[in-house]
Amino acid sequence: MTRLRVDGVPVDVCEGASLLDAVRAVGTELPTLCHDDRLRPAGSCRTCLVRADGRVTAACVTPAAPGTNVTTAQQDLRDLRRDAVELIVSALPPRALTAGRRSELAETCRTLGITLGKAAPETSGNRDDSHPYIELDRDLCIACGRCVRMCDDVQGTFALTLTGRGADTVVAPGTGGPWAQSDCVACGGCVDTCPTGAITHPGPGRGITTAQPQPEQVRTTCGYCGVGCALDVVVSGNQVSAVLPALDGPVNQGHACVKGRFSHGYLTSAERLAHPLVRKNGNLEPVGWEEALARVADGLRGAVAAGGPDAVAAISSARATNEENYLVQKFLRTVVGTNNVDNCSRLCHAPSAAGLSAAFGRAGGTDSFDDVEKADCFLVVGANPVEAHPVVGARLLQQALRGASLIVADPRRVGLAHQADIHLRPRPGTNVALFNGLAHVLVAEGMTDPDFLRDRAAGLDELVELLAQYPPARTAELTGVPAEDVTAAARLYGRARRPAILYGLGVTEHLHGTDGVRTLANLAILRGAVGDTGRGHGVTPLRGQNNVQGASDMGALPDMLPGYGRITDPDARARAEAVWGRTLPARPGLRIPEMFDAARRGSLRALWIIGEDVCATDPNSHQVADALDACPLVVVNELFLSETARHADVVLPVASWLEKDGTFVNFDRRFQRVRTAVRPPAAARTDFDITHAVAAAMGADLGCPTPAETLAECGRVAPVFAGISHERLDREGAVAWPCPAPDLPGEATLYTDAFSTLDGRAQLSAAPYLPPGEAPDAAYPLLLVTGRRWAHYNSGSMTRRGGNLHLEAGDHIDLHPLDATRLGVDDGTEVTVESRHGTARLVARLSEELSPGQVFCAFHFPESGVNALTSDHADTVTDCPEYKVTAVRLTPGAV
């Protein structure tokens, strides 16, 4: 600590603090028009002047030195600060301080008693409202640079710049054109930090609000990707006025992305379902809730009567709360009597659960993302966090810019690859070969931890024997990655003091996805960089949907009970049976692909799909649609009439994440609260209420009358959650599991003493490389990889109903210019894409982010038919589809 005096008052501040920190510590506020605590200080506005040991200086950029005597209250200092603010204001038009404006500058002027006096004339033509979410009024810009630093230092997009000279300096998009055509990714950070209102967004925000009383703010957790950003939802008249990233958010720390921040227009979309729908005479017709629930209950009873309990199945939701997922699996197991329940982790991160459990013992990442600042080397594999997890991408980029080493392994030149020390570009489907090649170098060059391997790991001899087959030269042959890059990447990771591994669906969505996870985990085990050894940040999967971790945690899996107790384990079943008062079936249920197979065969007679558009997101979507059409009863809980809902017999209108209460679990195992910000439309109900209502219609009582009581019951079934409650989360904000008791902290970092495997050791995997399910040939010469774009999310059901359509109006397929020339395809032209499984129609976009012979597209617009292309090849352990390797051909024009 550093001790100094401020206006005669002794104060202690942390090492590295500024005089501004010291002044604030004694309760004195200074104007800080160029300063934001999240940004590096600039000292350009000269409005925070103080006297330090007799010298006048800007407090924000002056380090706090021991023994310094700081004064703030002398009249000459007040005059200097007032003069600085008056000079800034004199260049602004009258609307800068219009009555009712609540900008930081206007508030400072009111505090100092400054009025405009002479002001710059009002002008026109200096506004840029081309962007759907961000507006620029250049006349109000004071060139403080906060927005530019926010864009550079926090978001890492480098989309803004200061242009002009002298008093004419203003902010502008770096591309020089309209804001909508810039590199801006609409994180909103510039809006938050702007002190004058030069950059705003429609509706009240942190920088600009109305003079009327503050609307209500509700703290909740984002319902898009699995990062788990804490958001403050500004509500007025049961409508969302704005969504602000919480400055004290555990993961996002005052940051957000376009989806969590702005993509809430779907709430008031005219396309939201207004009534339950029941199929009559081939058509879906609106009915009341009583009739809809009766149809569901009768259909479920009929299915059980015709085919037994296993004739019923449910696909629970990674979008729903933990409490809703818990109720759904409890309903299937105790009311219907089947384990036929699964969730969309089957389609994305089931190999993570299987691979991490096999390697370490638990089905989650090993460490808290809070430790990201401690890592000095990042190995980011098969993930594009800049687009799919922007807040994580931004924090990783910050660390790279501060000097951390960055290795990116991805076939495409994804966002982080532009800043990477090494970019490994393996051919799709060759991950296991690449990871074995890296491990070979670690072992061959002595970059392992012998003590850790001796005391805390198993399987080393078998692995070393296998790795002899993967020297850099052979790894290069198998993967296409140059041998020297394999060696360089292994050395960068192997010599780092605290290396970290983060990975995404590019590892899991393969025929051998579980092997991919396990061989990637080998690297951390070999280095001893897991288990809080002080030598690494472990292994972290970047989860795709907001509660895909929680849905599995809650037991919405065919072979697992809440807390990952195996359904075949008598002790785990007995614990659940004691709480639920019912005997449970001991045989694992159907996985999602098996459900569709059973429906086509006629043995599955009722399927309840909750919040998943399986016709748009699942592979080989034509076969999925055929399965739904063959099933006698399909029930769908949805916001909109999705592609899947069009095949349903009953469609139930539901509440969205902004309209419900409960909890989510994010990608690093943190439970966080979800709170109701606005009421859902009159006809919509939460999945929680619907599950209770269906059970009641079947004469059953699930208990758990509230979400809080549901989580409490879950803790009795699954001791790893016993210490987590709504009350505790309301008090503490976030708690990581495992947390077995209310008086214990959650285990943010796992395996500090022992691994959770049978022998307490980390298990190395000697898995050989095996080829993917498909390969290009003369008929289908290109390899298709699918993924996400930054402006949209999954099937786009929410992001396509709002301003995001102005940012990305449709799906397109990226291909290398060499392939485009060979195929006679121009940029922006319509093309037909065919695989062995189906056809899609897309718009071509030329991009050198891919290697020749590879193409990439997203699946945000179901009408494009992208998932009709993908195969039914799946991970041999978990049935996770091989989305990342599909052989296709491409022809100009529509067929």
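We did not get these values from a lab; they are worked out from the coordinates using the rules stated. All values reported here derive from a predicted model rather than from experimental measurement. Don't worry about glycine lacking a Cβ; one is built from the backbone with ideal geometry, like all the others, and counts go over all protein chains shown.
Based on the Cβ-Cβ distance from VAL26 to GLN239, what FRET efficiency comes out when R0 is 41 Å, to the nearest 0.05? For VAL26 and GLN239, the calculated efficiency is 0.50. Loop sites here are GluC sites (Glu not before Pro) outside DSSP states H, G, I, E and B with no more than 14 other Cβ atoms within 10 Å. The longest part of the chain free of them is 446-847. In the list (i) 1.06; (ii) 1.03; (iii) 0.98, the label attached to Rg/Rh (Cα atoms, Kirkwood Rh) as derived from the coordinates here is (iii).
Full extension of the chain between GLU271 and ASP83 yields a length gain of 62.2 nm, computed as 0.36 nm times the residue separation minus the alpha carbon distance. Among beta bridges from DSSP that stay inside segment 586-710, the antiparallel ones total about 30%. Taken about its Cα centre, the chain carries a charge dipole of roughly 1060 debye when the Cβ of each Lys and Arg holds +1 and the Cβ of each Asp and Glu holds -1.
Our estimate of slack between GLU577 and THR832, defined as 0.36 nm per intervening residue step minus the Cα-Cα distance, is 86.4 nm. Between 0 and 90 degrees, the angle of helix 570-580 with respect to the longest Cα principal axis of the chain falls at about 70 degrees. Among ASP553, ASP875, a tally of other beta-carbon atoms within 10 Å of each Cβ gives an order, fewest to most, of ASP875, ASP553. Take the Cα of SER90, step 7 Å toward its Cβ, do the same at LYS280, and the gap between the two points is 7.6 nm.
Using alpha-carbon pairs under 8 Å, 6+ residues apart, how would you state the relative contact order of segment 631-738 in percent?
Relative contact order here is 22 percent.
Based on the Kirkwood approach, the hydrodynamic radius assigned to segment 758-893 is 16.2 Å, with every pair of different Cα atoms included.
Extension gain for ASP370 to HIS806 (0.36 nm times residue separation, less C-alpha to C-alpha distance): 153.5 nm. Sorted on the mean count of surrounding Cβ atoms within 10 Å across their residues, most packed first, peptides 273-282, 357-366 read 357-366, 273-282.
For LYS259, the lysines whose Cα falls under 20 Å of its own Cα, not counting residues fewer than eight places away in the same chain, are LYS660.
Inter-label distance, GLU290 to GLU445: 7.5 nm, where each label sits 7 Å from its Cα along the C-beta direction.
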